Amino acid sequence: MGRLPITRKTGRQMGLPRNPALAYAFALLFVSGCATYSDRMTTAQVDVGAGRYQEAIGQIESASGLPAVGIPEEMNSDIALGLLNRATLEQALQNFGPSSQDFRAADGELELLDIANDTSGEIGRYFFSDSATRYRSSPTEKLALNGFNMMNYLALDDLQGARVESRRFSVMQRYLDEYAKGQPHAAFGSYLAGFTLERMGEYTGAMRYYDEALAIHDFKSLREPIRRLSSLTPYRGKAIEAFLADSKSDRALPSEKNPNATAEILVVISVGRVPHKIPERMPIGAAVGLAGSLISGDPAVLGYSVFKVVVYPGLSPSPSGQSKVGLLVDGQRVEPDLASRLGSEIRKEYESIQSSIIAAALSRMIVRAAAAEGMRAAGDSASSGLGWALALVTEAAMVGMDKPDTRSWLFLPDRVYVYRTNVVPGKHRVEVLFGSGPHESYRQEIEVASGNFVAVVVTAPR
C-alpha cells in the first residue's frame, strides 16, 4: 500500500491570525482553557453528596494522581490534597487503618498557610497560584486533620497513636490561640485528646485538655469524668473550676448509681461538609473599597479594562442532608454534645484574610489591563482598528489563565458531635440517626470488656 499524501496547511488555511501579536493573544486564549484540580473533583463531589463514597474515592485518585492502594513514593500538592480527601471517605467507610495512613502522609507533606505572619501580602498572591505552587492547608484544616486522625486511632484502640496526634494537635492549637484569641478552635480535638490521656492514666494532662474544651462548650458528657478526675489530680483550670462549681448540685450520675458500669463507650459523629472555595465575582469599585491600601499598582488603569468585575476565591456553602443527628445507646435516646462547627471556624478564618485576597486579585487585574493597553497600542500601530481587538483578546486570555486557586479539603465534615457513657461490660448497640427519615441511620453492635472502652466513629460528609 502506498503512502498517503501529507498535506501541509499554512497558518492562513488553518484560520490562524497572520499578525504576530494577534497570534500570541490567541495562543494565550487557547492555553487558558485547562481544567483545574477543583474542576476535576466535580464528579467526586456529586458522588459524596449521594453517599457513594467508594465511587468518589476512585474519582479522587484519578484527579489527584493517587494509586488505588498505598502512598506514592513521589508526592506533590494534588496528591497530598487527594490523600486528605480520600482519608475522610475511608473513615466514612469504616476503613480506619487506610484512613490513618493517608492522614499521616498528607500531614507530612502539606505546608501551613501562615496567616499569623503574613507581612508582605504573600497569602493573597498564593490564592492565584493553583497548580503552580504547593497547596497549603489553612490552620483550621491542619488542626482538624490531627483531630480526625485521633478518631481513627481511638476506633482502632491505639492509644499511643492517638497520643501522638494529640501532641500535633496541641502545637497547631497554640498557633491559632495566639493568632485568633477567644475564638473556638476544633474543641472536639481537645475533648478526644483529653479522653486519650485519661485512658492512659495521665490525669493532669487529660484535665488540661478538658479545660480547653470546656472553655469553648459546656460538655454535659464530661460532668462525670471531670468529677471523678478531680479527686485524682489537683489541676484546676478556670473552665474546670466553673464546671465543678456548677455541677455540685447534680444528682448521682449513671456510673455512680451503678458500680458495675466499669466499661465505657465513646461515640464521635461527624456530618455535613464545610464551605468550599469557588470563583467569586465582585464589581471593581466595591473591591477597591474593600482592599484599599493593600492594592499594588495604579488602579486608574482599570478604567481601560473591558472587565468590570474582579474574580477571586470565595466561600460557598456545601449543601447537607444531615441537618439533624440523633443517638441511641441500647435503644435509649441520649443527647450528644455538639463539639465543633468547623464550617463556622473556616469562614471566620477566611474573612480575616479576604481583603488581602481581593487586593491580590486587583493587583493582578491592574497588570492585565496594562498589558492589554500595550497590545492595543501595538495593534493600532500595525493596522487601524486592530488595537482594540488585540486588547480584548489579550485581557480575556490573561483572565482565563489567572484562575483563582479554589483547592481545599472538600470533604472535611462541618459538625462534630461527641458522647461518652459508662456501661456494664458486655454487648451493646449504638445507633446514629441522620435527618428525619428512619432510613438514614447507622447501627453498630459492640462488645466492651471490663475496664476497657470502645470508640464508635461515624463520619458522614454529606
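The values are calculated or read from the model by the stated rules, or taken from the named source; none is laboratory data. Everything quoted here is computed from the prediction, not taken from an experiment. Ideal geometry is used to build each Cβ from the backbone, glycine not excepted, and the neighbour counts take in all protein chains shown.
Scan the range 49-76 for residues that are within 21 Å of Ser100 (Cβ to Cβ) and in contact with a Lys or Arg (Cβ under 6 Å, 6 or more places away or on another chain) and jot them down.
Residues satisfying the conditions are Ile57, Ile60.
Restrict the check to the range 101-118 and report whether at least one residue is over 29 Å from Ile269 (Cβ atoms), of a type outside the set (Lys, Arg) and in a loop (DSSP other than H, G, I, E, B).
There is at least one residue in the range 101-118 that is over 29 Å from Ile269 (Cβ atoms), of a type outside the set (Lys, Arg) and in a loop (DSSP other than H, G, I, E, B).
Given the criterion modelled with pLDDT of 85 or more and in contact with a Leu (Cβ under 8 Å, 6 or more places away or on another chain), identify the matching residue among Tyr53, Tyr126.
Tyr53
Pro225 passes all but one of (1) surrounded by fewer than 20 Cβ atoms within 10 Å (Cβ to Cβ); (2) touching a residue at least 24 places away in the same chain (Cβ under 8 Å); which number fails?
Result: Pro225 fails condition (1) only.
In the range 62-77, what count of residues is obtained for those that are crowded, with 19+ Cβ neighbours inside 10 Å and either touching a Gly at 6+ places or on another chain (Cβ under 6 Å) or not hydroxyl-bearing (Ser, Thr, Tyr) (or both)?
3
Restricting attention to the range 45-67, which residues are part of a helix (DSSP H, G or I) and either of a type in the set (Lys, Arg) or under 16 Å from Thr459 (Cβ atoms) (or both)?
Asp47, Val48, Gly49, Tyr53, Gln54, Ala56, Ile57, Ile60
Just one of (1) under 22 Å from the mean Cα position of the chain (by Cα); (2) surrounded by 17 or more Cβ atoms within 10 Å (Cβ to Cβ); (3) of a type in the set (D, E, K, R) trips up Arg208, so point out which.
Every condition holds for Arg208 apart from (1).
For the range 141-157, indicate whether the set of residues that are crowded, with 17+ Cβ neighbours inside 10 Å, over 13 Å from Gly189 (Cα atoms) and among the acidic types (Asp, Glu) is non-empty.
No, because not a single residue in the range 141-157 is crowded, with 17+ Cβ neighbours inside 10 Å, over 13 Å from Gly189 (Cα atoms) and among the acidic types (Asp, Glu).
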